[in-house]
Amino acid sequence: MPLDVQEGSVEAGLDALDTPVDTTEGSRVRRIAARVLPPIGAVVVLVAIWQALWAAAFWPEFKLPAPAAVWSQIWQLVTSGDIAELFWVSVHRAVIGFAISLLIAVPLGLAIANLTVVRRGIGPLVSGLQSLPSVAWVPAAILWFGLNDRAIYWVVLLGAVPSIANGLVSGLDQVPPILPRVGKALGAGRFGGIRYILLPAALPGFLGGLKQGWAFSWRSLMAAELIATSPELGEGLGQYLHNGMSLSDISMVFAGIVLIFVVGVGIELLVFRPLENTVLKARGLGPAR
Amino acid sequence: MTATIDTLPDVLSPVRFHQVGKTFGTGRKSVVALDGVDLEVEPGEFVCLLGASGCGKTTLLNLVAGLDHPTAGRIELNSSRPAVVFQEAALMPWLTAAGNVELPLRMAGVPKAQRRAKAAELLELVRLAGLGDKRPHELSGGMRQRVALARALASTTDSTGDAGDKPSLLLMDEPFSALDAITRDVLQGELLRIWRATGTAILFVTHDVREAVRLGQRVVLLSSRPGRVVQQWDVEDAPDAAAVTDEINTALRKVISSHAA
């Protein structure tokens with residue numbers, strides 16, 4: 001069988017030539033440094049400008065605090081241990097609110113994407129809710145539920161559910177039609193098709209929706225905490241910010257903003273970014289550099 | 001009498017068309033894609049379905065695959081679930097090559113160990129042993145199409161992990177037309193090898209006369225709008241491949257030019 005051997009080797013040669021080459025270069029340390037250094041540099045520049053503006057005394061001290069004064073506010077929260085309570089109160093609310101949103105948004109998104117009547121009926125409504133700032137619900141929520149956790153969760157839900165549901169719908173809409181067809185040819189039934197083909201295929205879009213949903217639930221929560229303050233609610237980051245305003249303490253206000261920013265970005269970087277990178281990398285869809 | 005009973009299973013064709021017609025839409029805007037098609041594929045036979053674009057060859061394949069239903073006549077399917085290979089490999093990008101081959105087995109509820117073994121065996125058959133862990137984007141176009149072929153072959157097996165006694169049938173819809181010439185040539189050779197190794201019947205759709213003559217035992221020419229069987233050639237035993245290629249080419253041109261008016 002000399003012909004067969006030759007045929008096989010031609011094929012092996014083609015395979016070797018055609019296989020895409022992995023072009024990532026440089027050591028691991030260098031790649032991480034290239035990723036981490038630019039944002040750190042940006043923060044350093046920003047703080048330097050801030051310091052310069054403060055030193056130039058353009059604005060009075062009660063309008064623009066010194067970076068060092070804001071830092072000492074944060075450091076005091078850290079050393080007294082109060083920061084743990086601030087974080088716990090806010091983050092556990094955001095996480096619970098996000099989890100409930102997920103439970104509502106996934107069936108909602110599936111229904112909108114798969115049932116024409118539902119899509120025509122409430123699809124535009126859900127998209128519209130996404131552009132309505134959920135903080136607009138705070139007055140209604142307080143009148144309905146009073147100053148308590150339920151009012152806050154209501155606002156968070158209205159912020160996060162439309163984003164997550166819309167993310168899932170657009171993820172499902174972007175599934176190439178050939179994939180469900182192939183699934184059917186491979187013997188997928190209605191539920192097998194959803195479980196094994198549609199849902200995994202829609203995952204990248206869905207993750208985008210989750211990320212946005214988290215951002216919405218975090219900012220809705222901060223808005224709600226900022227407006228709805230009461231001793232019963234405990235002290236979260238929003239209330240801390242509110243207290244700073246009441247005390248006319250600008251360094252405390254700045255410290256509050258910095259902490260809210262750090263938590264929002266931190267969860268995105270620690271949870272959503274690695275998740276998204278793993279999913280995209282497995283599909284050969286590298287994230288934008 | 002006993003003789004007929006003994007030979008009966010051998011006579012059963014994997015697929016037989018009885019005056020099959022397919023019309024899309026209704027009223028004046030309707031399009032007749034297929035009309036009165038009678039066609040039979042013998043067990044283990046390699047049939048190439050040839051025609052210009054719009055002749056309903058893809059429609060015909062979809063009918064056999066169960067992705068669409070005929071509007072007239074009936075299709076008698078005696079095979080296990082037909083394996084389908086499309087023009088695009090359409091591998092699931094979130095699964096590895098082996099994961100893709102295992103997918104139909106997973107949906108059929110085949111236990112894990114059996115799935116693994118079957119997938120490895122099929123990847124070996126398409127000469128991709130050892131590449132099961134690769135993702136689709138790490139493979140070339142020809143390799144992806146071979147994974148798609150292995151996956152299609154896996155879909156013919158039922159929940160017990162084997163195809164049973166029914167004859168198998170492989171449907172291919174211009175599977176090599178998106179590949180470059182060298183890869184196409186190599187894969188045509190591979191397909192013939194796999195066909196001989198597995199003994200499956202193949203219904204292969206193409207618009208390339210040379211491909212049809214090289215691969216098929218029988219070439220069936222379809223007319224366009226409506227698609228009807230115009231002529232058939234037995235090309236396996238043809239003494240002169242070039243002559244029969246020319247003859248089929250002439251017939252195909254005649255079919256196409258009849259649409260010029």
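Any read-out appearing in this document is the output of simple, stated calculations on the displayed coordinates, not a laboratory observation. In this text, all values refer to a predicted model and were calculated from it rather than measured experimentally. Cβ sites come from the backbone with ideal geometry, for glycine too, and all protein chains shown count toward neighbours.
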Give me the distance between the Cα centres of segment A:181-252 and segment A:107-158, rounded to whole Å.
13
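Go ahead and run the numbers for FRET between A:LEU270 and A:ASP149, Cβ-Cβ distance against an R0 of 25 Å, rounding to 0.05.
Details: r = 25 Å, r/R0 = 1.01.
FRET efficiency, A:LEU270 to A:ASP149: 0.50.
May I ask for the Rg/Rh ratio of the protein assembly as shown, computed from Cα atoms with Rh as the Kirkwood radius, given to two decimals? Can you show the working numbers first?
Values: Rg = 32.1 Å, Rh = 28.4 Å.
Radius of gyration relative to Kirkwood radius: 1.13.
In segment A:21-85, which chymotrypsin sites (Phe, Trp or Tyr not before Pro) are in a loop and have at most 11 other Cβ atoms within 10 Å, using DSSP for the loop call? Intermediate values should be presented prior to the final figure.
Numbers: sites: A:TRP50, A:TRP54, A:PHE58, A:PHE62, A:TRP71, A:TRP75; in loops: A:PHE58, A:PHE62.
Here the chymotrypsin sites (Phe, Trp or Tyr not before Pro) that fit, given the DSSP loop and packing criteria, are A:PHE58, A:PHE62.
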Inter-chain Cβ neighbour average for residues A:102-108, partner chain, 10 Å
0
Using the Karplus curve 6.51 cos²θ - 1.76 cosθ + 1.60 with θ = phi - 60°, work out ³J(HN,Hα) for each residue of segment A:131-139 in order, rounded to whole Hz, and write x for Gly and Pro.
8, 7, x, 5, 4, 4, 7, 4, x
Which residue, chosen from A:TRP75, A:GLN51, A:ALA94, occupies the Cα position most advanced towards the positive end of the dipole of chain A, where the dipole is computed from +1 (Lys, Arg) and -1 (Asp, Glu) charges on Cβ about the Cα centre?
A:ALA94
Do any GluC sites (Glu not before Pro) in segment A:219-289 lie in a loop, going by DSSP, with at most 13 other beta-carbon atoms within 10 Å of their beta carbon, and if so which?
none
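Take the Cβ-Cβ distance between A:PHE62 and A:GLN174 as r, set R0 to 45 Å, and report the resulting FRET efficiency rounded to the nearest 0.05. Please list the in-between numbers first.
Working: r = 51 Å, r/R0 = 1.14.
It comes to 0.30.
What's the magnitude of the charge dipole for segment B:96-164 around its Cα centre, counting Lys and Arg as +1 and Asp and Glu as -1 at the beta-carbon? Answer in Debye, nearest 20.
Values: 11 positive and 7 negative charges, 38 e Å.
Roughly 180 debye, rounded to the nearest 20.
Taking only DSSP H segments of four or more residues, each worth -39500 (n - 2.57), what value at 222 nm results for chain B once the sum is divided by all its residues, to the nearest 500 deg cm²/dmol?
Values: 8 runs with 100 residues, N = 261.
Here the helix-only value at 222 nm equals -12000 deg cm²/dmol.
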Please give, to one decimal in nm, the separation of the simple spin-label points placed at B:ARG253 and A:ALA12, each 7 Å out from Cα toward the Cβ.
4.4
Dipole magnitude of the protein assembly as shown, debye to nearest 20 (Cβ charges: Lys/Arg +1, Asp/Glu -1, about Cα centre):
1260
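Loop only by DSSP, 11 or fewer other Cβ within 10 Å of the Cβ. Give me the chymotrypsin sites (Phe, Trp or Tyr not before Pro) in segment A:207-289 that pass, ordered by residue number. Write out the running numbers ahead of the final one.
Working: sites: A:TRP214, A:PHE216, A:TRP218, A:TYR240, A:PHE254, A:PHE261, A:PHE272; in loops: none.
Passing sites in segment A:207-289 do not exist.
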How big is the convex hull of the Cα atoms of segment A:185-228, per residue, in Å³?
66
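For segment A:66-282, give the magnitude of the charge dipole about the Cα centre (Cβ charges: +1 Lys/Arg, -1 Asp/Glu; no others), in debye to the nearest 20.
Working: 12 positive and 10 negative charges, 268 e Å.
Roughly 1280 debye, rounded to the nearest 20.
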Checking the table B:LYS57/B:LYS112; B:LYS57/B:LYS166; B:LYS57/B:LYS118; A:LYS184/B:LYS134 against a 28 Å threshold on Cα-Cα, which pairs fail?
B:LYS57/B:LYS112; B:LYS57/B:LYS118
In degrees between 0 and 90, to the nearest 10, how far off the longest principal axis of chain A does helix A:82-114 point, with axes built from Cα atoms?
40
Please list the radius of gyration and Dmax for chain A, considering alpha-carbon atoms only, with Å as the unit.
25.3, 91
Principal semi-axes in Å for chain B [√(5λ), Cα gyration tensor, largest first]:
30, 22, 20
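Would you order A:ILE122, A:ILE40 from fewest to most other beta-carbon atoms within 10 Å of each residue's own beta-carbon? Mind dumping the intermediate values first?
Working: A:ILE122 16, A:ILE40 10.
The fewest-first ordering by Cβ neighbours comes to A:ILE40, A:ILE122.
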For B:SER53, put the label point 7 Å out on the Cα→Cβ axis and report which residues of segment B:182-226 keep their amide N under 18 Å from it.
B:205-209, B:222-226
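Taking only the C-alpha atoms, wrap a convex hull around segment B:96-164 and report its volume per residue in Å³ as a whole number.
On the way: hull volume 4.7 nm³, N = 69.
Given the Cα convex hull of segment B:96-164, per-residue volume reads 68 Å³.
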Label model pair A:ILE122, B:THR71: point-to-point distance (7 angstrom along the Cα→beta-carbon line) in nm is 3.8
Segment B:14-29 - phi-based ³J(HN,Hα) in whole Hz, Karplus 6.51/-1.76/1.60, Gly and Pro as x
x, 8, 9, 9, 10, 6, 7, x, 9, 10, 9, x, 10, x, 6, 7
What is the average number of partner chain Cβ atoms found within 10 Å of a Cβ in B:89-99?
4
Using 1/(1 + (r/R0)^6) with R0 = 51 angstrom and r between the beta carbons of A:ALA140 and A:SER27, what's the FRET efficiency to the nearest 0.05?
0.35
With Cβ to Cβ distances under 14 Å as the rule, what net charge do the other residues near A:LEU275 carry (K, R +1; D, E -1)?
+2
Modelling each spin label as a point 7 Å along the Cα-to-Cβ direction, I'd like the B:ALA178/B:TRP94 distance in nm, to one decimal.
2.1
